[in-house]
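The values are calculated or read from the model by the stated rules, or taken from the named source; none is laboratory data. What you see is a predicted model, and the numbers here were worked out from it, not measured in a lab. Note: ideal-geometry Cβ built from the backbone for every residue, glycine included; neighbour counts use all protein chains shown.
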Amino acid sequence: MNFDVTEHLGATERSVSVLDRDGQPARAVILSRAYATSLEDLWDAVTSDDRLPRWFLPVRGELKPGGRYQLEGNAGGVITACGRPWHFALTWEFGGDVSRVEAGFSQGGAGRARLKLTHTQRLSDHWSRYGPGATGVGWELSLLGLAFHLAQPDAPKPVEVAIAASRDGRAFIRGSGEGWARAAIEAGANPAAAQAAARRTIAFYTGESADPA
């Protein structure tokens, strides 16, 4: 699969926020990206059970505040807030852990709309080993799929495995992982630890070695 790696890497703003959640140390992984579409179209692409499978995953459940949702083969949880077309929030229950996801939508200039996604989780051994990239790279791949969908709504969904196996896909994953290492360092992480965690994350997604060159 071929695409402009530099363009798509540069389209996403990445940051990490240090905070407490329920009295325990936590981190928020924050992504922001603008798309060449309307606010309503972006909202519909991200929240419609018809369109989500075309770039993300099939979803079932009660898609309204207080309702439970389940993504096919992935997380489930409770929708805790929804204010069309500006904001929604939900719990993200996966692998015995509960984290939180918030999505904010805004106008991004003429003919553009912006999505800001915040995924907040408690510190854990998983975070220590992989850093923010474990969450950030995964979401960034999803936002890449969203960009493809918005550009060509009727095109088949790209297969994530095929993206990761392609030259451009691997370059995107490496660039994203390195970007999340920089975001972690800017948030106060030890540079050597952040870079090592990024190498492990990149290796997980690409199957390449985590050892430094």
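What the table shows:
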| item | result |
| --- | --- |
| Contacts under 7 angstrom Cβ, first residue in the range 122-144 being assigned to a loop (DSSP other than H, G, I, E, B), partner polar (S, T, N, Q) and modelled with pLDDT of 95 or more, 6 or more apart | 131/201 |
| Counted residues, the range 146-174 - those being at pLDDT below 95 and surrounded by 14 or more Cβ atoms within 10 Å (Cβ to Cβ) | 5 |
| Any hit, the range 95-103, residues being assigned to a loop (DSSP other than H, G, I, E, B), on the phi > 0 side of the Ramachandran plot and surrounded by fewer than 17 Cβ atoms within 10 Å (Cβ to Cβ) | yes |
| Number of positions in the range 1-30 that are within 14 Å of residue 100 (Cα to Cα) and buried (at least 19 other Cβ atoms within 10 Å of the Cβ) | 5 |
| Among the residues listed as 185, 202, 163, 173, the single one being among the aliphatic types (A, V, I, L, M), part of a helix (DSSP H, G or I) and farther than 25 Å from residue 26 by Cα | 163 |
| Conditions (1) touching a helix residue (DSSP H, G or I) at 6+ places or on another chain (Cβ under 9 Å); (2) free of Cβ contacts under 8 Å to residues at least 12 places away in the same chain; number of the one not met by residue 96 | (1) |
| Pair list, Cβ < 6 Å and 6+ apart or interchain, from the range 31-60 residues that are within 21 Å of residue 158 (Cβ to Cβ) and touching a residue at least 60 places away in the same chain (Cβ under 8 Å) to residues that are of a type in the set (S, T, N, Q) and in a helix (DSSP H, G or I) | 56/142 |
| Lone unmet requirement of (1) modelled with pLDDT under 95; (2) out of contact with any Phe, Trp or Tyr (no Cβ under 7 Å at 6 or more places or on another chain) for residue 116 | (1) |
| Among the candidates 139, 92, 86, 43, residue that is among the aromatic types (Phe, Trp, Tyr), surrounded by fewer than 17 Cβ atoms within 10 Å (Cβ to Cβ) and either under 16 Å from the mean Cα position of the chain (by Cα) or under 26 Å from residue 17 (Cα atoms) (or both) | 86 |
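Conditions (1) within 15 Å of the chain's Cα centre (by Cα); (2) under 18 Å from residue 134 (Cα atoms); (3) of a type in the set (Asp, Glu), marked per residue:
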position	(1), (2), (3)
14	yes, yes, no
20	no, no, yes
28	yes, yes, no
48	no, no, no
66	no, no, no
77	no, no, no
96	no, yes, no
